[in-house]
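In what follows, a structure is listed as structure tokens, so that the remarks can point back to it.
Since every read-out is calculated from the coordinates, none of them should be taken as a lab result. Keep in mind it's a predicted model, so treat the numbers as computed, not measured. Heads up, the Cβs are rebuilt from the backbone with ideal geometry, glycines too, and the neighbour counts pull from every protein chain shown.
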Amino acid sequence: MPNNAYDLTRQTDDVVIVGGGLAGLFCALKLAPRPITVISAAPLGEGASTAWAQGGIAAAIGDEDSPESHAADTVAAGAGLVEEKIALDLAREAAARIEDLLRYGVPFDRDLEGRLALGREAAHSARRIVHVRGDMAGKAIIAALTEAVRRTPSIRIIEGLVAEALLTDDRGVTGLQLRSAADPAARPVIIASRAVVLATGGIGHLYAVTTNPTQANGLGLAIAARAGAAIADPEFVQFHPTAIMVGRDPAPLATEALRGEGATLINGKGERFMLGHHKLAELAPRDIVARGVFAEVQAGRGAFLDARDALGARFAERFPTVHASCMAAGIDAAAQPIPVAPAAHYHMGGIAVDERGRSSLEGLWAGGEVSSTGAHGANRLASNSLLEAVVYAARIAEDIAGSAIAAPAAPPPMLVVPRNGAMPALATKNLRTMMTSHVGVLRDGERLAEAVRSFAALERDTGNIALRNMATTALLVAASALTRRESRGAHCRIDHPLESPRARRTLTTLAAAREIAGHLSDQAHEEIAAPITA
């Protein structure tokens, strides 16, 4: 059971995992019976993007499929930046991780013969997605793992605390500075550990239109970057093409599996517009579909997901989560098209990690969406995210299990940090709005430069540590997007529409992003001063 009353200031923990989603819980279970502390801002299993995942897990377990084919699809979707060995190893480990999840009680769908039922999603060359009741995989996986974690005596759960800073010395990580999620004005507390696993999720809630929960605001990436960790590919943000536009924040998601089952995308005139964008039409890679949907919305024609012919009366049974979201908004998806638009959904970038999940900081591992492994390149293949989370969670557990980790002699000192309190509503809204308008589906140098200057100033000047961490991650994304002068995968520059033949993955730091912002500020000052001194 949760032990929130434990005196953290006197505890030195062997391994601390931050995050109650798939990567964090799976890693904790794999480390048992080693003593573990799991820290979750929300009640365990809530506030994690995993629980919202309507797709499934990609695994080449069909008779006519292979890990090599799965890896080839992953490489193709990643627009030239996928690490091919990483993709192949990921695909080869998929079957074993599915077996793990089955042992933990995940009720994956089965066919009439009792075999795992396999669905197909965009850019996959075969049916290889395992689901739960069509669109409930994430919820079912989190429920099963949460129950397993609560039954494991070696795992201590601390709920309601937010990690606001990573503490280090010249040897590496020494612990975390935490604060109450319910009372952000409360005094921070310290937990000491020389083995920290960040599994804090993605950055979707930095955007005004997103499918992600509130907790997915780039916190883990920010605290790692502020401690000096290397960050990889932060400019690559995947926008899901079919968020349901009914005025909710976050926006409900219309899973890609709907299009896999034959649902089509139409505009307000009833035209199937994706036929003119890609030979795979609705099943094209997500970045292409997102831009197609965005173009229709921007042109004022609107975009709609039409499942009437493909599913009709079977919609509610096959996709209960989407059906419920639509009905709550007064939309009967069996009889009418669903209004959709692109929304920030998944971050291909994150804390740079190696094949064991190790970051550039000694004692810091990262798994799940907060990390960047090289498996996704510039555009994640559908349903590879949950697979990557479990594969790397298992690898991290194996790496830590084989490591000799010395406990800190005493809790590390608290950082001198800005005061904290309730998140400034207007500043937060402005940041999210600028991310959507300036660092969104379509980008250009002028707007990106404006965003970099704005986020750098906010990161430097704000007196709220939570807002500062949001600005830190926003700055990293915007600065790297400005630096990448090409269009590739999910990163689309209208002023640089072609791919560069010399492109490679981004590896950067917060110091480098600040330097870019400094150069922009110097240029702005020179432009202002020039007419006066001429």
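Some notes on this structure:
- Between the amide H of Leu507 and those of Asp233, distances stay under 5 Å, these residues lying 5 or more places away or on another chain, with hydrogens modeled in the peptide plane.
- Intensity falloff of the stretch 16-123 expressed as log10 I(q)/I(0), Debye formula with alpha-carbon point scatterers, at q = 0.11, 0.20 Å⁻¹: -0.46, -1.21
- Taking all pairs of distinct alpha-carbon atoms in the chain, Kirkwood radius in angstrom: 23.3
- The packing ranking of peptides 203-214, 452-463, highest mean first, is 203-214, 452-463, where packing means the average number of other beta carbon atoms within 10 angstrom of each residue.
- Among Cys326, Cys27, the order by Cβ neighbours within 10 angstrom, fewest to most, reads Cys326, Cys27.
- For the stretch 152-166, putting each phi into the Karplus relation 6.51 cos²θ - 1.76 cosθ + 1.60 with θ = phi - 60° gives couplings of 8, x, 7, 9, 9, 10, 10, 9, x, 10, 10, 7, 10, 7, 9 Hz, in residue order, rounded to whole numbers and with x for Gly and Pro.
- Shown here is the pair-distance distribution of the stretch 350-476: with all Cα-Cα distances grouped in 5 Å bins from zero up to the longest one, the shares run 2, 9, 14, 13, 14, 17, 16, 10, 4, 1, 0 percent.
- Its residues counted as N, the stretch 425-533 yields a C-alpha radius of gyration over 2.2 N^0.38 Å of 1.11.
- Across the stretch 228-245, rounded Karplus estimates of 3J(HN,Hα) from the backbone phi angles (6.51 cos²θ - 1.76 cosθ + 1.60, θ = phi - 60°) give x, 5, 6, 10, 10, 6, x, 6, 8, 10, 8, 9, 6, x, 10, 6, 7, 8 Hz, Gly and Pro being marked x.
- Compared with the alpha-carbon gap, the fully stretched path from Leu507 to Ala182 is longer by 113.5 nm at 0.36 nm per residue.
- Value at 222 nm in deg cm²/dmol, rounded to 500, when DSSP H runs of n ≥ 4 in the chain each add -39,500 (n - 2.57): -11000 deg cm²/dmol
- Exposure proxy ranking, count of Cβ atoms within 10 Å, fewest first, for Leu498, Leu25, Leu219: Leu498, Leu219, Leu25
- For peptides 340-349, 301-310, 173-182, sequence by mean Cβ density within 10 Å, most packed first: 340-349, 173-182, 301-310
- Under Karplus coefficients 6.51, -1.76 and 1.60, residue-wise ³J(HN,Hα) of the stretch 194-201 in Hz, glycine/proline x: 9, 9, 10, 10, 8, 9, 8, x
- Computed magnitude of the charge dipole of the chain (debye, nearest 20; Cβ of K, R +1, Cβ of D, E -1): 560
- 12 Å Cα-Cα reach of Lys139 towards aspartates and glutamates, excluding residues that sit fewer than 8 places from it in its own chain: Glu46
- Residues whose placed amide H lies under 5 Å from that of Val15, excluding near-sequence neighbours: Thr37
- For peptides 381-387, 223-229, 332-338, sequence by mean Cβ density within 10 Å, most packed first: 381-387, 223-229, 332-338
- Cα convex hull of the stretch 242-341, projected area averaged across orientations, nm²: 5.8
- Between Glu68 and Asp522, full extension at 0.36 nm per residue minus the direct alpha carbon distance yields a gain of 158.5 nm.
- Förster radius 41 Å - calculated FRET efficiency between Glu398 and Leu112, Cβ distance, rounded to 0.05: 0.65
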